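First the structure, in the form of structure tokens, and then the observations on it.
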Amino acid sequence: MTSTTAPLLAVDDLRVHFQLPGTGWFGSGKQTVKAVDGLSIQIERGQTLGLVGESGCGKSTTGRAILRLAPITGGTVRLNSRDLTTLSAAELRPIRRQMQIVFQDPFASLNPRHTVEQIVTEPIWVHNLRPERERVARVRELLTLVGLPGSAMGRFPHEFSGGQRQRIGIARALAAEPDFIVLDEPVSALDVSIQSQILRLLLDLQVQFGLTYLFIAHDLAVVGQMSDQVAVMYLGRIVETATREALYQAPQHPYTQALLSAVPYPDPEIEAKRRRVILTGEVPSPVNPPSGCHFHTRCPIAADRCRVEAPSLRTIGPGHQASCHFAGGPPPELQGAKPGTSLRASP
Ligand SMILES: Nc1ncnc2c1ncn2[C@@H]1O[C@H](COP(=O)(O)OP(=O)(O)O)[C@@H](O)[C@H]1O
Ligand code: SF4
Ligand SMILES: [Mg+2]
């Protein structure tokens, strides 16, 4: 069934380019880091989009730009149909309450000199959400929601474990009563046993408050537990997006296939049929991305065409898009293309 209402979040052709200072005379030799370069995503209300890719692909910059915490070079970001990219700081202030972020490292993102009460009260105070006399009770309520005792109020972040600190970060985000939360690798720094508790908590809170999530991770196993839709990012662009089921059962882009090769599939029949793609090398620099298809330097089926012609993001099934010349069809050798011989061609 297709929804008739606009998605809660619609990002179109987002670009975030950072200028690096030049090393030559008068700033000559300036370089541009294309951290995000033409990214489009949509998230329906109450749903989770998982954004996945290796470190350095531009995931955090995407999340930060959506919240207007990173400078936007081009494109639009619509929350509830309203374009945020053109709003002034004053116009943005009331909208900031609706969009919150939870960071990977709660220790770095929580002020070490503030008590838990001060940390969680801050958004309530900034956005003037509750009458003064109700604020302490509200903080206690938020701590209960995230599974922390009321006695946590007077304590400092360093007195808690990593998982508990992440609960404090989640309570702070919830304090603003948001519609949308960017979860930027919220469990990547935690032990596996703690990870599942935090993921469970995030899912429960989503149902309870009708929250919409952008869930960022480098690990497709974690993304699979959380997401309705998944978008795979490589060098500033989406290379494949699909429902969770379609992406895990029939990944079309070689990069997605490589990321998934490291993740066991729960159904043994599907697991046996899956193609293994081993990913070698590192993400190339976004200052000087490879020509043609950005992935060609690491792609096991790269053909001559891939080095000169950038593939566009094409629809290959219901809600399923991929940007590979050979996605959704037979392998390149059967399409008359000459497959590459080297797995590690130079950029
Ligand atoms: N403020 C900045 N100035 C220059 N380059 C940046 C800045 N922020 C991020 N980058 C670069 O942009 C690219 C994407 O970074 P990031 O969004 O943090 O990726 P990810 O979250 O996927 O690891 C990286 O090459 C990073 O070095
Ligand atoms: S377009 Fe070519 S290089 Fe890019 S992912 Fe497809 S096969 Fe690989
Ligand atoms: Mg990141």
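The values are calculated or read from the model by the stated rules, or taken from the named source; none is laboratory data. Note that the structure is predicted; figures quoted are calculated from it, not measured. Cβ coordinates were reconstructed from backbone atoms using ideal geometry, including for glycine residues, and neighbour counts include every protein chain displayed. Calculation scope for accessible area: heavy atoms of the full protein, side chains included, ligands and nucleic acids excluded. Shrake-Rupley method; radii C 1.70, N 1.55, O 1.52, S 1.80 Å.
Could you provide, to the nearest whole Å², the per residue accessible area of segment 214-285 with probe 1.4 Å?
On the way: 3020 Å² over 72 residues.
Here the residues of segment 214-285 average 42 Å² of exposed surface.
Which Cα, out of Gln321, His296, Leu14, lies furthest along the positive dipole direction of the chain (beta carbon charges, K/R +1, D/E -1)?
Working it through, the farthest residue towards the positive pole turns out to be Leu14.
Work out the length of the dipole vector of the chain about its Cα centre, built from +1 on the beta-carbon of each Lys and Arg and -1 on the beta-carbon of each Asp and Glu, and round it to the nearest 20 debye. Show your work: numbers first, answer last.
Details: 35 positive and 31 negative charges, 113 e Å.
The dipole magnitude comes to about 540 debye.
Take each uninterrupted DSSP H stretch in the chain, measure its Cα extent along the helix axis, and return the ones at 24 Å or beyond whose mean Kyte-Doolittle hydropathy is at least -1.0.
Numbers: long enough: 192-209 (26 Å, 0.87).
Those that clear 24 Å and a mean of -1.0 are 192-209.
Which semi-axes, in whole Å and largest first, does the equivalent ellipsoid of the chain have when worked out from the alpha carbon gyration tensor as the square roots of 5 times its eigenvalues?
On the way: eigenvalues 284, 111, 74 Å².
Semi-axes (√(5λ), whole Å): 38, 24, 19.
At 1.4 Å probe size, with every protein chain present, just tell me what the per residue accessible area of segment 63-135 comes to in Å². Intermediate results must be reported in sequence, preceding the final value.
Details: 4020 Å² over 73 residues.
Value returned for segment 63-135: 55 Å² of accessible area per residue.
For segment 180-318, which whole-number percentage of the solvent-accessible area (1.4 Å probe, protein heavy atoms only) is attributable to carbon and sulfur atoms?
Values: 3240 of 6010 Å².
Carbon and sulfur atoms account for 54 percent of the accessible area of segment 180-318.
Where the accessible area of segment 19-83 is counted over protein heavy atoms with a 1.4 Å probe, how much of it, in %, is carbon and sulfur?
Carbon and sulfur atoms account for 49 percent of the accessible area of segment 19-83.
Is the shape of segment 172-307 best called rounded, prolate or oblate, per the rule: a/c under 1.5 gives rounded, else a/b larger than b/c gives prolate, else oblate, with a ≥ b ≥ c the square roots of the Cα gyration tensor eigenvalues?
prolate
Starting from the Cα gyration tensor of segment 1-119, take the square roots of the eigenvalues, sort them a ≥ b ≥ c, and report rounded, prolate or oblate (rounded when a/c is under 1.5, otherwise prolate if a/b is larger than b/c, else oblate). Before the final figure, lay out the partial values.
Values: a/c = 1.73, a/b = 1.20, b/c = 1.44.
Verdict is oblate for segment 1-119.
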